[in-house]
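Below is one structure, written out as C-alpha cells; comments come after it.
Any read-out appearing in this document is the output of simple, stated calculations on the displayed coordinates, not a laboratory observation. Bear in mind that the values here come from a model prediction, so they are computed numbers and not experimental data. Using ideal geometry, Cβ is built from the backbone for each residue, glycine included, and neighbour counts are taken over all protein chains shown.
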Amino acid sequence: MRPGKVSRRIVLDRLAMVEQLLARIRALPLENRETFFSDERNLDALESCLRRALEALLDVGRYILAKGFAIGVTEYKQIAVELQRVGVLSAEEGQILRIMAGYRNRMVHFYHEIGQEELYQIAQENLGDFHRIIAAYGRWMDEHPQALHDDL
C-alpha cells in the first residue's frame, strides 16, 4: 500500500458530523443537574452522541493514516499513537486522543461500568477535547495542502 491523497471533503464531512453530535449534547439541559436527570432520555442521548462523536473523530484519524500515510491501524488507541508519530498530532494531542480512544472502548465493551454521573461530568468538562483534536486535524490539512484532494 502506498500513501495517497486524503479527501478534504471526507475529512470535513466527518468532522461536521462530530460538531453536530457535540451540538446535540450541548442542547441537552446540562446546566441544570436535576432537570437533566429527571428525563432518562437525556442520558441516553448523551451516551449515544458521545460514543458516535468519539468513533467519528477516531475514524477521521484512521482515514488520514490509511490514505495519507498507508498505515493500517486496527485498534483505536493505536490511531492516536500513529497520528502523533507521523506529525498530525502533537504529543499532548496524541495523549488526549489516546484517552478518548480508551473511553470509547470502555463505552462499547464495559458500558455496564460507566455511571450516569461520569457521563454527565464528561459532558460538563471534556467536550473541549473534541475541539482540540478537530483543530489539530485542520491544522495538519492547512500545513499539508499537497497531501489533500477535493474529489470524493
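For the reader, a short list of remarks on this structure follows.
- Angle between the chain longest axis and helix 91-109 axis [Cα atoms, degrees, rounded to 10]: 50 degrees
- Positive-end residue, region 1-104 charge dipole about Cα centroid, Cβ charges, pick of G4, L50, G61: G4
- Rounded to the nearest 10 degrees, the inclination of helix 76-85 to the longest alpha-carbon principal axis of the chain is 40 degrees.
- In a DSSP loop and with at most 10 other Cβ atoms within 10 Å, the chymotrypsin sites (Phe, Trp or Tyr not before Pro) in region 59-152 are F110.
- Computed over all pairs of different Cα atoms, the Kirkwood value for the hydrodynamic radius of region 10-75 is 13.3 Å.
- Whole-number D in µm² s⁻¹ for region 51-152, Kirkwood Cα-pair radius fed into Stokes-Einstein, 4 °C, 1.567 mPa s: 91 µm²/s
- Annotation note: trypsin sites (Lys or Arg not before Pro) in region 1-59 located in DSSP loop regions with a Cβ neighbour count of at most 15 within 10 Å are K5.
- GluC sites (Glu not before Pro) restricted to DSSP loop in region 55-90 with at most 15 other C-beta within 10 Å: E75
- D13-R106 pseudo-label distance in nm [points 7 Å out on the Cα-to-Cβ vector]: 3.3 nm
- Value at 222 nm in deg cm²/dmol, rounded to 500, when DSSP H runs of n ≥ 4 in the chain each add -39,500 (n - 2.57): -22500 deg cm²/dmol
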